[in-house]
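For reference, the structure is listed below as structure tokens.
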Amino acid sequence: MKNYFKIAHWGLVASFLWAAAGSLAHYEEIRWDWATIDTQQLSFPSNFLWGVGVSEYQISGAKNCPDSNWATWEKKQKTHLSGNACDSWNKRDQMVDCVQQIGAKSLRLSLEWSIIEPVEGEFDNTAIEHYKDLCGTLLAQGITPVLTLHHFTHPEWFEKKQAFEKRENTFYFVRFCTTMFKALGDKVHMWCTINEPTVYMLQGYMRGVYPPGKCNMGLAGKVLKNLLDAHVQVYKKIKQLPHGDAAQIGIVHNVLQFHPYDKNGRLENMICKVMNNIMNDSVINFFKKGKFKFRIPLLANLAEKNIDAIDSLDFIGLNYYSHVLLQYNGTWSNFIAEGYRDCDIKTDMPYPVYAEGMYDAIERVSVLNTPIYITENGIADKNDDRRELFINRYMYALSQAIADGYDVRGYFYWSLFDNFEWDMGYTQKFGLYDFNFDTHTPTLRPGAAAFSAVVKKFSA
Ligand code: BGC
């Protein structure tokens, strides 16, 4: 997140003019007094779905996904090279054993489109069989597979067609999704269409740190709209297929709250308002009202309708990590997105442990009136000296939300293994397992015990 405001400070400064009268009441920073909270006071329903998450590219790397946009991007950038990561494409059993050892009842994984359709229109049956076998193995072990159809990566041929920048390209994504549903719909009942459309947009079209590395606010809005529309189309198409009725289809949204470091700072407040609108409200309102609004003063102004969006979620996947505490250091070009309060415990990513934010995020997506699954939550913690505390606090926040009546049905820890953390390479250690990328061996981290204990205690 470092300094991502530098990329377009002139645009964000413009937001000052626009938002002058705005209020942030609906994005207040909540704080709990953790010293007075007993995080062991937990309660979860017996049918709660406990899982762990991975995505194919992050655990299999460019070597196993050579036809993807990310493999091309890595070659061009030369900063972080994924190699074959955990080589999970070839070490399926290792992954399944590790899920078992944690005691998790579900694995969220992504289908790598670039392996399945490396050349436009040519589907690789061996790759499809690979996923059929993997899902079969998981089911045989009592582990429910949850499949993500797009987790930041896609074939390079699709990127060359300008991917989701062009509305008409949705056709290719829908074709891929329906092909996979036809192949796996009898085995897999829970499907996530797109992982974090706003993060894909922010990183690829605003910060330019993910492919295609652009910085164009108007295009960013368009890409976000096209991704959301693509979800709606996939939802409708899959529902018409055999097993479609019974399938649970949702999208995965990352709630990232922007809070001003100085609560009275007008400029910070105004920028936070713009960011909350484009990163959170845009998606929630799209599904709630069938209206898409994306506005960055002077740079982007989109307002479109898609009434079909209102009935296009069987659940909402919520990814939650933390918030951004935005600090203004007195110069036009320097907004620091890495503010911390004195009480904060830092993670290795540029944000703190902020479990009360997960409660707030659950509340936010609950307006969609659809079941909620926490599809990602975890900590980058190389020394494994904060993981236990992180798990305890976030579990507590989750348990509180359920006790308060929010319809949360499952939780997936991110991630099973340390993996390729996109533009940050292998520097970030999210894994319940410490992964040795030379020997390809996973070692369970002591901090993972806190998660296993909860899962085992509350599993039926
Ligand atoms: C993404 C993951 C990523 C995780 C941790 C999420 O935004 O879906 O791919 O590894 O955050 O940063």
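Identify all residues within region 47-85 that are assigned to a loop (DSSP other than H, G, I, E, B), open to solvent by 10 Å² or more (accessible area, probe 1.4 Å) and among the polar types (S, T, N, Q); write none if there are none.
ASN47, THR79, ASN84 - these are the residues of region 47-85 that are assigned to a loop (DSSP other than H, G, I, E, B), open to solvent by 10 Å² or more (accessible area, probe 1.4 Å) and among the polar types (S, T, N, Q).
Given the criterion open to solvent by 50 Å² or more (accessible area, probe 1.4 Å), within 23 Å of SER88 (Cβ to Cβ), within 16 Å of the ligand (Cβ to nearest atom) and touching a residue at least 12 places away in the same chain (Cβ under 8 Å), identify the matching residue among TYR433, TYR426, TYR413. Spell out the reasoning first.
Values: TYR433 fails: open to solvent by 50 Å² or more (accessible area, probe 1.4 Å); TYR413 fails: open to solvent by 50 Å² or more (accessible area, probe 1.4 Å).
Answer to the selection: TYR426.
Go through (1) farther than 19 Å from ASP434 by Cα; (2) open to solvent by 70 Å² or more (accessible area, probe 1.4 Å) and name the single condition ASN90 misses.
For ASN90, the failing item is (1).
Out of (1) open to solvent by less than 30 Å² (accessible area, probe 1.4 Å); (2) away from the ligand (no atom under 16 Å from the Cβ); (3) part of a loop (DSSP other than H, G, I, E, B); (4) farther than 30 Å from ASN47 by Cβ, the odd one out for THR370 is which?
(4)
What do you reckon, is PHE44 open to solvent by less than 30 Å² (accessible area, probe 1.4 Å), in contact (Cβ under 8 Å) with a residue 40 or more places away in the chain and aromatic (Phe, Trp, Tyr)?
On the way: open to solvent by less than 30 Å² (accessible area, probe 1.4 Å): yes; in contact (Cβ under 8 Å) with a residue 40 or more places away in the chain: yes; aromatic (Phe, Trp, Tyr): yes.
When the stated conditions are applied, PHE44 passes them.
Suppose we filter ARG386, ARG364 for residues that are open to solvent by 10 Å² or more (accessible area, probe 1.4 Å) and over 21 Å from the mean Cα position of the chain (by Cα); which single one remains?
Values: ARG364 fails: over 21 Å from the mean Cα position of the chain (by Cα).
Only one candidate passes the filter, namely ARG386.
What pairs can you find where one residue is in region 182-201 and part of a loop (DSSP other than H, G, I, E, B), the other is open to solvent by 10 Å² or more (accessible area, probe 1.4 Å), and their Cβ atoms are less than 6 Å apart, with a gap of 6+ or different chains?
Correct list of pairs: GLY185/HIS243; ASP186/HIS243; HIS189/GLN248; GLU196/ASN254.
Name the residues in region 140-162 that are open to solvent by 50 Å² or more (accessible area, probe 1.4 Å), among the polar types (S, T, N, Q) and in a loop (DSSP other than H, G, I, E, B), would you?
Residues satisfying the conditions are GLN141, GLN162.
For the structure I just gave you, tell me whether TYR172 is within 16 Å of the ligand (Cβ to nearest atom) and either in contact (Cβ under 8 Å) with a residue 12 or more places away in the chain or under 19 Å from GLY290 (Cα atoms) (or both). Step through it out loud before you land on a result.
Details: within 16 Å of the ligand (Cβ to nearest atom): no; either in contact (Cβ under 8 Å) with a residue 12 or more places away in the chain or under 19 Å from GLY290 (Cα atoms) (or both): yes.
Against the criterion (within 16 Å of the ligand (Cβ to nearest atom) and either in contact (Cβ under 8 Å) with a residue 12 or more places away in the chain or under 19 Å from GLY290 (Cα atoms) (or both)), TYR172 does not qualify.
The values are calculated or read from the model by the stated rules, or taken from the named source; none is laboratory data. Keep in mind the model is a prediction, meaning the values are calculated, not measured. Virtual Cβ from ideal backbone geometry, glycine too; neighbours counted across all protein chains shown. Surface areas here come from the heavy atoms of the whole protein model, side chains and all, with no ligands, DNA or RNA. Shrake-Rupley method; radii C 1.70, N 1.55, O 1.52, S 1.80 Å.
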